[in-house]
1. Check off (1) under 30 Å from residue 342 (Cα atoms); (2) hydrophobic (A, V, I, L, M, F, W, C); (3) more than 30 Å from the chain's Cα centre (by Cα) for residue 193 and give me the number that stays unchecked.
2. Give, as residue ranges, the strands (runs of 3 or more DSSP E) completely inside the stretch 519-591 that count at least 2 residues that are at pLDDT 95 or above.
3. Out of everything in the stretch 323-339 that is over 20 Å from residue 361 (Cβ atoms) and touching a strand residue (DSSP E or B) at 6+ places or on another chain (Cβ under 9 Å), what residue ends up being surrounded by the most Cβ atoms within 10 Å (Cβ to Cβ)?
4. Any idea how many residues of the stretch 417-452 are in a helix (DSSP H, G or I) and within 20 Å of residue 503 (Cα to Cα)?
5. Across the stretch 181-215, what is the number of residues that are over 22 Å from residue 320 (Cα atoms), among the polar types (S, T, N, Q) and touching a residue at least 24 places away in the same chain (Cβ under 8 Å)?
6. Report whether or not residue 221 is assigned to a loop (DSSP other than H, G, I, E, B), more than 21 Å from the chain's Cα centre (by Cα) and either of a type in the set (Ser, Thr, Tyr) or on the phi > 0 side of the Ramachandran plot (or both).
7. So in the stretch 91-143, with the set limited to residues that are among the polar types (S, T, N, Q), farther than 21 Å from residue 153 by Cβ and in a helix (DSSP H, G or I), which one is modelled with the lowest pLDDT?
Amino acid sequence: MISTKNFYSIFLTVIICCFLASCGNQSFSATTVSQLTNEVQTKKLSIVAKLKENAQLPINQRIALYHKLKKENFELYDFDNETELTLYGYTFLWENNLVDAIPIFGLVISEFPNSSNAYDSMGEAYLLAKDSVKALQNYEKSFRMNPDNFYAEDVIELIKHPNIKPLTPKEKFSKVYTKDDYQADLTQLGQKLLTIHPHPLKFISKDQFLENIEKKKSLITDKTTYGEFAWYCNEIIASIGCSHTASSTMQNDYHEYSILPLENSFPMQVRLVNNQLFVVNPMNNADKVNVKDKILRINGIETPKLLSIIYDHIPSQANIQTSKTQRFNTNFAALIPYALGLPKSFEIVVNENSGSIKLNKAKKMATELYDPSINNCSNDLCFEMLNESTAVLTISSFNYYEWNNYQVFKSFLDSSMHIISNKKIKNLIIDVRYNRGGSQHPSIYLLQHLMDKPFTYYSKVESEGKTDKTYGEEIFQPLKNRYQGKLYFLIDGKGNSTTGHFMSLVKAHNLGTIIGEELGSNQFCTAGQTLCRLKNTKLVISVANNTHISTALNLPDNKGILPNYYVAQSIDDYLNRVDAVKNFALTMIKK
């Protein structure tokens with residue numbers, strides 16, 4: 001008699017053979033059949049998806065269903081995914097549905113009793129429920145299990161001492177800690193980077209890394225402020241060449257500009273174009289400088305030297321310069337003062353034959369989040385018909401996750417490709433500029449619309465606790481309605497993370513013409529996030545904790561994806577809002 005397990009294996013093989021037969025005349029080896037069979041066998045169904053299918057049941061009955069399926073169908077469903085189950089609980093918490101959230105977090109605790117995060121989640125739920133006793137119990141247990149859970153530490157202090165308010169970032173900016181505290185925190189920073197990050201020494205030697213830390217320790221004085229210390233930390237962090245690792249306080253506050261006092265900020269809008277620094281908005285210095293003036297020196301330091309200092313403090317994957325330039329052009333108002341030692345005033349030289357110009361202090365913070373010369377759509381996803389033969393897909397983010405909003409991306413792409421097919425579009429421009437990355441699911445689905453043969457997305461995925469294959473390690477088939485016209489890809493230094501994986505496969509499989517500047521990422525990506533906090537200064541560090549590498553292994557790890565045609569905007573393009581990169585693509589199409 002055939003056992004159930006053998007029968008199931010035979011059944012899978014038959015199904016897969018039928019699937020392969022439906023793929024036409026492509027040849028598949030026995031190894032391929034075996035590989036596909038193993039993938040199907042090892043791919044378990046989502047238990048959370050099953051619970052969501054039964055959303056009409058009261059929460060206690062859904063939990064009873066969970067236990068029933070675990071007892072009767074353990075091999076069929078994935079009961080080891082703590083993250084997915086926790087996120088299921090948070091879907092209720094985010095809706096302020098504590099009646100359902102608390103039992104789900106209780107399920108997470110019972111299933112993963114050694115998880116500090118499980119108790120942290122329950123503590124958060126009870127805190128929202130205004131049950132400070134149970135919240136404190138759960139947070140204290142979480143903190144005992146994981147002393148690095150500084151969020152739990154803060155909540156515990158808040159519950160026990162509600163009248164003691166923590167310092168705000170602005171209050172910490174000028175605070176002075178002891179020399180010993182700073183130096184101990186620098187040592188701890190180095191240890192955290194070396195132990196948490198999977199490849200901390202890929203782009204720097206250990207001797208160089210440790211020497212950087214010692215140099216920063218030697219700069220500490222009895223007057224060093226928290227703001228200056230955070231700047232020192234940024235250089236150590238940036239030295240490992242990882243865009244997913246940063247000083248969280250500095251990284252976030254560059255965007256919000258909350259840690260830097262207004263009077264310390266650079267008082268006008270500038271832009272770095274082709275290694276030259278231009279004034280693009282004098283703001284309240286219009287009586288002293290003009291738009292398009294080229295800045296040669298600031299506070300006596302020549303611009304190239306100043307930029308070199310700044311670049312040493314900006315994290316980017318593999319230390320890619322275009323990525324650093326993009327970060328500078330967003331955060332210049334804070335980066336310039338830090339690099340100059342946080343001066344009280346600024347003097348610039350815009351012409352060799354004239355003297356220095358003392359600038360008025362800023363009345364508002366200068367910033368530039370997006371390049372106005374790029375006609376970005378109002379959303380992250382846009383489809384535009386330029387004429388009867390050419391269309392543009394703008395994909396400014398892959399931040400569409402299977403557990404959240406992936407269907408939004410899938411629906412957008414399906415509807416766009418349906419129009420492209422019906423209109424018989426011959427030229428398709430895919431614009432991934434400003435794409436900050438995200439999930440592999442939308443990236444893979446887009447490739448399925450473009451590839452003409454089966455492909456594997458990841459060559460390697462390494463993360464703590466990984467037991468099963470990650471989505472992307474299996475073989476993917478092109479879609480039947482895939483696009484078969486000419487493809488053009490627009491890239492820039494903003495392209496991070498998943499964008500590097502996507503464009504690496506575009507490059508490796510020669511899917512189309514790539515136009516723009518060096519991408520800010522490539523096929524090698526250390527991602528994920530472990531938050532840790534330095535003991536004395538409480539500076540928060542976000543450290544990458546996993547590795548995802550695409551199958552484009554012939555490309556160099558120390559460079560971003562390179563375009564077929566390098567196109568950089570001029571200062572005139574920027575000021576006149578001319579999209580030079582897209583215009584180049586359109587000119588190629590016309591020819």
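The values are calculated or read from the model by the stated rules, or taken from the named source; none is laboratory data. Because the structure is a prediction, the values reported are computed rather than measured. Note that we place each Cβ from the backbone using ideal geometry, even for glycine, and neighbour counts take in every protein chain shown.
1. Of (1) under 30 Å from residue 342 (Cα atoms); (2) hydrophobic (A, V, I, L, M, F, W, C); (3) more than 30 Å from the chain's Cα centre (by Cα), only one is false for residue 193: (3).
2. Ranges flagged: 546-550.
3. So the residue we want is 325.
4. Adding up the residues that qualify gives 12.
5. Of the residues in the stretch 181-215, 3 are over 22 Å from residue 320 (Cα atoms), among the polar types (S, T, N, Q) and touching a residue at least 24 places away in the same chain (Cβ under 8 Å).
6. Yes; evaluated as a whole, the condition is true for this residue.
7. Checked the stretch 91-143; the qualifying residue modelled with the lowest pLDDT is 91.
Matching residues to (1) under 30 Å from residue 149 (Cα atoms); (2) over 21 Å from the mean Cα position of the chain (by Cα); (3) surrounded by fewer than 23 Cβ atoms within 10 Å (Cβ to Cβ):
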{"site": "537", "(1), (2), (3)": "yes, yes, yes"}
{"site": "542", "(1), (2), (3)": "yes, no, yes"}
{"site": "550", "(1), (2), (3)": "no, no, no"}
{"site": "558", "(1), (2), (3)": "no, no, yes"}
{"site": "578", "(1), (2), (3)": "no, yes, yes"}
